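Asks: One structure, as structure tokens, below. Some questions next.
The values are calculated or read from the model by the stated rules, or taken from the named source; none is laboratory data. Model, not experiment: these values are computed from the prediction. Virtual Cβ from ideal backbone geometry, glycine too; neighbours counted across all protein chains shown. We work out accessible area using only protein heavy atoms, side chains counted, and drop any ligands, DNA or RNA first. Shrake-Rupley method; radii C 1.70, N 1.55, O 1.52, S 1.80 Å.
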Amino acid sequence: MTRARQELVDLDTTSYYHCVSRCVRRAFLCGDDHLTGNSYEHRKAWVVDRLAELGKVFAMDLCAYAVMSNHYHVVLRVDREQAYNWSDDEVIKRWNRLYRLPLLVERYRNGQASDGESRAARESIQLWRERLTDLGWYMRSLNEHLARKANEEDGCKGRFWEGRYRSQALLDAAAVLTCMSYVDLNPVRAGVAESPEDSEFTSIQQRI
């Protein structure tokens, strides 16, 4: 039975999570479509580039990642304390990298808002601050972006990902290290790379 997301993500217990998303069109998320001969390897760079962009927005550290042909893995650390220490202006700037600001917040930012408008704007900013530590919003900002790009390239509409992403809480240092090793070695285990040094679009190769 599928469990509610709030039962799987509890930042008071752990700030580390392993997330996986798999494409519904499994054979050619990023790899080669053997039926048509088309190559979609360039989409792996889309994933890596978007992860880098989200790292400039969310209060999350990307501990490990691996982009495979039909799915990807990420290990994330949520830094809630960092987000709580951001100024309102910092939250606005970060949110605006991904989403358009409401006119109300623009007025507040420019010192043009009334007292009532200022209160409403601060409520919105607080909501964004919480979302910037929310695993669901991170994965949404990643997956929706990739789905739109892939569907546009394929000239189609509809679901791109195979249901919601899967997440696993990593409860101690041993679990974090084991999971990072698992993610880093995914291409080697799948037989698409001979060594971590040869594993393209992975955190282990980037670190090396």
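Asks: Where does region 58-166 land on Rg/Rh, using Cα atoms and the Kirkwood Rh? If you can, show how the numbers build up before the last one.
Replies: Numbers: Rg = 16.9 Å, Rh = 16.0 Å.
My calculation of the ratio gives 1.06.
Asks: At R0 = 35 Å, how high is the FRET efficiency between T178 and L104 if r is their beta carbon distance? Nearest 0.05 is fine.
Replies: Values: r = 46 Å, r/R0 = 1.33.
Efficiency, from the Cβ-Cβ distance: 0.15.
Asks: Using a 1.4 Å probe on the protein chains only, how many percent of the accessible area of the chain belongs to carbon and sulfur?
Replies: On the way: 5420 of 11560 Å².
Solvent-exposed carbon and sulfur of the chain make up 47 percent of the total.
Asks: Further question on the same structure: In a Debye calculation with equal point scatterers on the alpha-carbon sites of region 108-155 and no solvent, what is log10 I(q)/I(0) at q = 0.25 Å⁻¹?
Replies: One equal scatterer on each Cα of region 108-155 leads to -0.84.
Asks: Could the peptides 66-76, 182-192, 152-162 be put in order, highest first, of the mean number of other beta-carbon atoms found within 10 Å of their residues? Intermediate values should be presented prior to the final figure.
Replies: Values: 66-76: 22.7, 182-192: 16.5, 152-162: 12.3.
Taking the mean over residues of other Cβ atoms within 10 Å, the ranking is 66-76, 182-192, 152-162.
Asks: Run down the aspartates and glutamates and flag those whose C-alpha is under 18 Å from the C-alpha of K157, throwing out any fewer than 8 positions away in its chain.
Replies: Leaving aside aspartates and glutamates fewer than 8 places away in the same chain, those within reach of K157 are E144.
Asks: How about K56: which lysines have a C-alpha closer than 18 Å to its C-alpha, ignoring those fewer than 8 places off in the same chain?
Replies: The reachable lysines, counting only those whose Cα sits under 18 Å from K56, are K93.
Asks: Which value, in debye to the nearest 20, gives the size of the charge dipole of the chain about its Cα centre, when Lys and Arg are +1 and Asp and Glu are -1 at the Cβ?
Replies: Working: 30 positive and 31 negative charges, 127 e Å.
Computed charge dipole of the chain: roughly 620 debye.
Asks: Here's a follow-up. Viscosity 0.692 mPa s, temperature 37 °C: Stokes-Einstein D of the chain from its Kirkwood Cα radius, in µm² per second? If you can, show how the numbers build up before the last one.
Replies: Values: Rh = 18.7 Å.
Result for D is 176 µm²/s.
Asks: For Q112 and R207 in the same chain, what is the full-extension length gain: residue separation times 0.36 nm, less their Cα-Cα distance, in nm?
Replies: Working: separation 95, 0.36 × 95 = 34.20 nm, distance 4.64 nm.
Once the chain is fully extended between Q112 and R207, it gains 29.6 nm.
Asks: Which is farthest toward the positive dipole end of region 59-208 among M139, A120, A175, measuring Cα position about the Cα centre, with Cβ charges +1 (Lys, Arg) and -1 (Asp, Glu)?
Replies: Positive-most Cα among the choices belongs to A120.
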